[in-house]
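A.B. asks: First, the structure itself, so that you have it in front of you.
The values are calculated or read from the model by the stated rules, or taken from the named source; none is laboratory data. For clarity, every value in this text was computed on a predicted model and none was experimentally measured. When we count neighbours, we look across all protein chains shown, and the Cβ atoms used for this are built from the backbone with ideal geometry, even at glycine.
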C-alpha cells in the first residue's frame, strides 16, 4: 500500500502545494483575510495589550490556517477556526509573559488611551491585571458578545469554568471601580 | 451606566484605536507562508541527504553492518514494517498535559509499509502536523515523527523516539516508551491504544 493509497483509505485529506490557496489571486483565502484580519487583531490586542504582538499573533494564526487550508476550507466557518487559533496563541503568550510587572504590562494601554477618561483607563488597567484566562473570557464575552459555550470551546475549558472566570473578573473590576458586582447583564 | 456597560464601552473604545494595513499584512503572511514551505522542503531534502551520508559513513565504518542502529533517523529500508503498517485512530483523553498542548481529541495516523508516517490532527491542535518516517526491528519501533512540529520546542538531543509495541488480535497497537525526549509525542504513543481502522 503506497502513501497516497493509505491516505485515501484512512480518509486523511493530504495537503499539497496545489491544494494551498493561490496567494497572488483574489481567492477565498484573501477574502477571508480581508474580512476577518482587523477584527481578530483587535480582539487579540485586547488580550495581549500590545499592538505589534497582536498583529504578529494574528498573522501566525493565518499562516497556520494556510497550512491547514485543505481541511479548514471545508468548514462552515473557516474564520472561526483562525480566530480560535489567534485567541489561543494570545492566551498562551500572556501566560508566558505573566511574570512581567503590572506596570510593564499596562504601559501600552496607557499610551494608546490618552483620549479616554480616567475611569476608563482605570478599568482597562484592571482588565489588564486579570489572569490571561479571565481577560480572554472578559474580552470574548463583552467585546465579541459570544455565548459562554462558545467561549469555553475557544479557550478549551468547561462552560462552568468559563462562568467562574467571568464572575471573578467582574468582582475584581467592580472593586476597582468601587461598584457592586451585581449579576451579568 | 452598569458595570457591564462600562466594560463593554471601555473595550470597544480601546479596540477602535487599533487600525491595521490589511494589504500589507496579507503580503507579510503570504511571504512568511512561502518561506516556511520552502524551508520545510529544504529541511526535508537536507535531512534525507544527511541520512544518506550518515548511513554511508556508518556502513563503511562497520564494514557493511546494518546502518539502522547508528543513523540519526529511522530507516525503513532494512526493516519489516508490515506488522504495524496500517491506519489507526488515537483518542487522546483530555488530561492536563494533553489539554495544555491541545493534544486531546482524535488523531489519525497512517504507518505505511514504506516506512512513512502521515498524521491528521484533531481540530483543536494548531501546531504543524508534519509526518515522518519509522522503522521496526526486534519488537521496537523507531520514529522521528513530529520532529519539526510538536517536538520542536523540546529541542531534544535525539529527535528519534524508540518504543516497544504489541499487537492485539484485532490489530490494536500498544506502545511502551523505551526512549523519547518529546513529551507530546510520548503522550500520543502511550496514553491510549491505537485502534486499527485500515
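A.B. asks: Given the criteria more than 12 Å from chain B (Cβ to nearest Cβ), modelled with pLDDT of 85 or more and part of a loop (DSSP other than H, G, I, E, B), does residue A:168 qualify? Step through it out loud before you land on a result.
C.D. replies: On the way: more than 12 Å from chain B (Cβ to nearest Cβ): yes; modelled with pLDDT of 85 or more: yes; part of a loop (DSSP other than H, G, I, E, B): no.
Criteria not met by residue A:168.
A.B. asks: Quick one: in region B:1-11, of everything that is more than 7 Å from chain A (Cβ to nearest Cβ) and part of a helix (DSSP H, G or I), which residue is nearest to the chain's Cα centre (by Cα)? Show your work before the answer.
C.D. replies: First, the residues of region B:1-11 that are more than 7 Å from chain A (Cβ to nearest Cβ): B:1, B:5, B:9.
Applying the additional criterion that residues be part of a helix (DSSP H, G or I) yields B:5, B:9.
On the way: B:5: 46, B:9: 44 Å.
The extreme case among them is B:9.
A.B. asks: Quick one: count up the residues across region A:80-92 that are surrounded by 19 or more Cβ atoms within 10 Å (Cβ to Cβ), more than 8 Å from every other protein chain (Cβ to nearest Cβ) and over 20 Å from residue A:134 (Cα atoms).
C.D. replies: 1
A.B. asks: Any chance region B:149-169 includes a residue that's crowded, with 17+ Cβ neighbours inside 10 Å and within 12 Å of chain A (Cβ to nearest Cβ)?
C.D. replies: Yes, some residue in region B:149-169 is crowded, with 17+ Cβ neighbours inside 10 Å and within 12 Å of chain A (Cβ to nearest Cβ).
A.B. asks: Let me ask something else. Filter region B:112-123 for residues that are within 9 Å of another protein chain (Cβ to nearest Cβ) and out of contact with any helix residue (DSSP H, G or I) (no Cβ under 8 Å at 6 or more places or on another chain); which is farthest from residue A:60 (Cα to Cα)?
C.D. replies: That would be B:113.
A.B. asks: Follow-up. Do we find a residue being within 10 Å of another protein chain (Cβ to nearest Cβ), in a loop (DSSP other than H, G, I, E, B) and farther than 21 Å from residue A:50 by Cα anywhere in region A:137-148? Quick ask: steps written out before the conclusion?
C.D. replies: First, pick out the residues of region A:137-148 that are within 10 Å of another protein chain (Cβ to nearest Cβ): A:138-139, A:141-145.
Retained after the next criterion (residues that are in a loop (DSSP other than H, G, I, E, B)): A:144-145.
Checking which are farther than 21 Å from residue A:50 by Cα leaves us with A:145.
Yes, the conditions are met somewhere in region A:137-148.
Condition check ((1) under 13 Å from the mean Cα position of the chain (by Cα); (2) at pLDDT below 85) across all residues:
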| site | (1), (2) |
| --- | --- |
| B:95 | no, yes |
| B:104 | no, no |
| B:109 | yes, no |
| B:129 | yes, yes |
| B:146 | yes, yes |
| B:152 | yes, yes |
| B:172 | no, no |
| B:198 | no, yes |
